[in-house]
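Here is the structure we will look at.
The values are calculated or read from the model by the stated rules, or taken from the named source; none is laboratory data. Note that the structure is predicted; figures quoted are calculated from it, not measured. Here the Cβ is made from the backbone with ideal geometry for all residues, glycine too, and neighbour counts use every protein chain on show. Quick note on the areas: whole protein, heavy atoms, side chains included, nothing else; ligands and nucleic acids left out. Shrake-Rupley method; radii C 1.70, N 1.55, O 1.52, S 1.80 Å.
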Amino acid sequence: MKKGLYFGYLMILPATILMSVVSFYPLLRGIYYSFTDLKLNKIDNFRFTGLTNYINMFKDSDFYSSLGFTFLFSIGTVVLTYIVGIIIAHLLNRKIKFMKFFRVLYLFPWLAPPILVAIMWRIILNNQYGIINKFLTAIGLVESYFPFIGDPIVTKFTVIFVNTWATLPFMTIILLSALQSIPDEFYESASIDGANFFQSFFYITMPSVKNISLIVTLLVFIWTFNSAELILLLTKGGPLKATTTLPIDMYRRAFSGLDLGYGSAFGVIVVVVMMLVSIFYLKLQKE
Amino acid sequence: MKNKVLLNILTYIVLIAFLFFFLLPVIVLFSISVKSPSEPITESVLPRGGITFENFETVLKRTDFSLTIRNSFIISISTTALCVFLSSMAAYALSRIKKKFFKYYSRFILVFQMFPLVFLLIPLYIFFMNLHLLDNLLSVIIIYAGISLPLAIWVLKNFIDTIPFDIEEAALIDGCSRFKSFIKIVLPLIIPGLASVSLIVFIFAWKEYLLASIFLGKNNVQTMTLGLAKWVLQHVVEVPEMSAASVLAMLPLIVILFFAQNLLLKGLTAGAVKQ
């Protein structure tokens, strides 16, 4: 067996090396940087500053608004994609023709690069020439235009909406697969017993997908919490930092503000939150 | 019985509504891209002056966009090849070897997917800058592959788990080496899994913007996403051109969507729905 073991280590070695170089080592390095005053324009000359970055961060009101919006953004996305996703999945599961046709076309938002998603929605939601605003003014709901990407509060919801749009395919496909594994007999015997659409939904569908629901919502939460690309391309975190999340704040401080040390501290907080959330979820799953 | 018919009709209506919802941006983009650039952008959905490919000509002939597409292809294909090669080997070992270390390794591996890319970006940038490896397609390929490895390994391991060891056992007893068994017996049997993982990794590399924007500054190494971003970041956004470029960027994805749907779907669900 010793030869087999040696072979095994050899097989995982290249992948392990690559992952260490690209994920593990940067992680440790990033944590270290959060305790220094590293700047982008003074890369070779930085000092260990202990908890200074963290103390400043906890005094920074921007930190709290970013933290708050990151949670709002993530939870909002998860809730919306789950509710809409399970509805679509349930409908697709009803043995209708063209199910495969719908399922494939529904994949599109997931395939599209975030830059493309941002371009598309910025065109549609644009104040002057956007199709949605033209429609709203045409039917008289608004006078000149509705500031989807201009007003601080509205933009927060716009961003959640677009992210939901982009994440729905993934959620729907996973939930659909889970639903497809529920035996038909369950539904048949329920309808014999007189259960209607909603009853069978709540008493058969939901419990059967509990496990997979927990996994996929955790996954989406983590991805959304960690993401910065879509919002950055959609609103750059504005207007006036209204849609700035922790990752975006980190990105801005590091690469625009040149403050890599401080930015890294923000990153560490994100990682800590991820760990806590995962532990919480694992506890939930055990019940 | 009336109820059932009603319910079915309602179902179709809702599904079509969602179809429209998911594809509206694409439709708008397509319609703008084939309109003449002088036409106002959303006067009507259909182009008033007839369909013209002027915008596509502008994008392809007068900008560097085709170069960026070429770079994106190079990066995506290389990333996929590298990732599949390394992950399949690792997945095989993790699946077949029943020692504690390998068991914990499999469990632990998905933790690496939990880190924000932005956070890793800072140390990675400094690391590669010190090695003078910025503005280099290879650096990006290596990083993309490394980021995709955890998920790829996990999915492939699950695939290999479904292949009974007995099939290999016969060959091994006959003197076949483990590596040969891996290549000649196991790999062919998980081709759907390999294909699905390849698609997922390819799409990830194709879509990515953030890392590329930091690592690839020079004009000759720009990727398609960076090229598109250039239009977005301009002061006066040239919407018709941008739309045409976007449509071009979407083409590979549409091709994948139509010819590889099953593989895509398998890949997406393989990880999560493991019963």
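Considering only residues that are open to solvent by less than 40 Å² (accessible area, probe 1.4 Å), assigned to a loop (DSSP other than H, G, I, E, B) and not β-branched (Val, Ile, Thr), look in the range B:1-43 and name the one that is modelled with the highest pLDDT.
Ranking the qualifying residues of the range B:1-43, first place goes to B:LYS35.
What residue, of A:PHE63, A:PHE46, is over 27 Å from A:THR224 (Cβ atoms) and open to solvent by less than 70 Å² (accessible area, probe 1.4 Å)? Let's see the steps before the verdict.
On the way: A:PHE63 fails: over 27 Å from A:THR224 (Cβ atoms).
That would be A:PHE46, the only listed residue that is over 27 Å from A:THR224 (Cβ atoms) and open to solvent by less than 70 Å² (accessible area, probe 1.4 Å).
Could you check the range A:11-32 and list, in sequence order, the residues that are open to solvent by 10 Å² or more (accessible area, probe 1.4 Å), in contact with a Phe, Trp or Tyr (Cβ under 8 Å, 6 or more places away or on another chain) and under 23 Å from A:ASN56 (Cα atoms)?
Passing the criteria: A:LEU27, A:ARG29.
Among the residues of the range B:81-105, which ones are more than 9 Å from chain A (Cβ to nearest Cβ), surrounded by fewer than 20 Cβ atoms within 10 Å (Cβ to Cβ) and not aromatic (Phe, Trp, Tyr)?
Hits for the range B:81-105 are B:ALA81, B:LYS98, B:LYS100, B:LYS103.
Within the range A:250-269, can you find the residues that are without any contact (Cβ under 8 Å) to a residue 60 or more places away in the chain and either among the β-branched types (Val, Ile, Thr) or in contact with a helix residue (DSSP H, G or I) (Cβ under 7 Å, 6 or more places away or on another chain) (or both)?
A:MET250, A:TYR251, A:ARG253, A:GLY263
Any chance the range A:19-27 includes a residue that's assigned to a helix (DSSP H, G or I), under 27 Å from A:THR243 (Cβ atoms) and not aromatic (Phe, Trp, Tyr)?
yes
What number of residues within the range A:154-170 satisfy the criterion of being open to solvent by 20 Å² or more (accessible area, probe 1.4 Å) and away from chain B (no Cβ under 14 Å)?
3
If you go through the range B:128-149 one residue at a time, how many are over 20 Å from the mean Cα position of the chain (by Cα), surrounded by fewer than 17 Cβ atoms within 10 Å (Cβ to Cβ) and not in a loop (DSSP other than H, G, I, E, B)?
Here the count works out to 2.
Where in the range A:68-132 are the helices (runs of 4 or more DSSP H), entirely inside, with at least 1 residues that are open to solvent by 50 Å² or more (accessible area, probe 1.4 Å)? Working first, answer last.
Working: elements: A:99-106, A:108-111, A:114-124.
By residue number, A:99-106, A:114-124.
Each row is one residue, and each column tells you yes or no for (1) away from every other protein chain (no Cβ under 11 Å); (2) surrounded by 22 or more Cβ atoms within 10 Å (Cβ to Cβ).
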{"site": "B:ASP161", "(1), (2)": "yes, no"}
{"site": "B:PRO164", "(1), (2)": "yes, no"}
{"site": "B:ILE183", "(1), (2)": "yes, no"}
{"site": "B:ALA195", "(1), (2)": "yes, no"}
{"site": "B:PHE204", "(1), (2)": "no, no"}
{"site": "B:ALA244", "(1), (2)": "yes, yes"}
{"site": "B:ALA249", "(1), (2)": "no, yes"}
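Limited to the range A:91-117, what total is found for residues that are over 22 Å from B:ASN262 (Cβ atoms) and more than 7 Å from chain B (Cβ to nearest Cβ)?
So the count comes out to 1.
Out of (1) modelled with pLDDT under 90; (2) touching a helix residue (DSSP H, G or I) at 6+ places or on another chain (Cβ under 9 Å); (3) open to solvent by 40 Å² or more (accessible area, probe 1.4 Å), what's the single condition that is false for B:ILE190?
If we test B:ILE190 against (1) modelled with pLDDT under 90; (2) touching a helix residue (DSSP H, G or I) at 6+ places or on another chain (Cβ under 9 Å); (3) open to solvent by 40 Å² or more (accessible area, probe 1.4 Å), just (3) comes out false.
Take B:LEU253 and tell me if it is touching a residue at least 24 places away in the same chain (Cβ under 8 Å) and either facing chain A (nearest Cβ under 9 Å) or part of a loop (DSSP other than H, G, I, E, B) (or both). Break it down into steps so the answer makes sense when it comes.
Numbers: touching a residue at least 24 places away in the same chain (Cβ under 8 Å): yes; either facing chain A (nearest Cβ under 9 Å) or part of a loop (DSSP other than H, G, I, E, B) (or both): yes.
When the stated conditions are applied, B:LEU253 passes them.
I'd like the full set of residues that are at the interface with chain B (Cβ under 7 Å from one of its Cβ atoms) and among the aromatic types (Phe, Trp, Tyr), limited to the range A:118-135.
Within the range A:118-135, A:TRP121, A:TYR129 meet the criteria.
Being touching a residue at least 24 places away in the same chain (Cβ under 8 Å) and within 29 Å of the chain's Cα centre (by Cα) is the requirement here; does A:ILE149 meet it?
In short, yes.
Conditions (1) within 18 Å of the chain's Cα centre (by Cα); (2) open to solvent by 30 Å² or more (accessible area, probe 1.4 Å), marked per residue:
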| residue | (1), (2) |
| --- | --- |
| A:ILE192 | no, yes |
| A:PHE202 | no, yes |
| A:ALA228 | yes, no |
| A:GLY237 | yes, no |
| A:TYR251 | yes, yes |
| A:GLY261 | no, no |
| A:VAL272 | yes, yes |
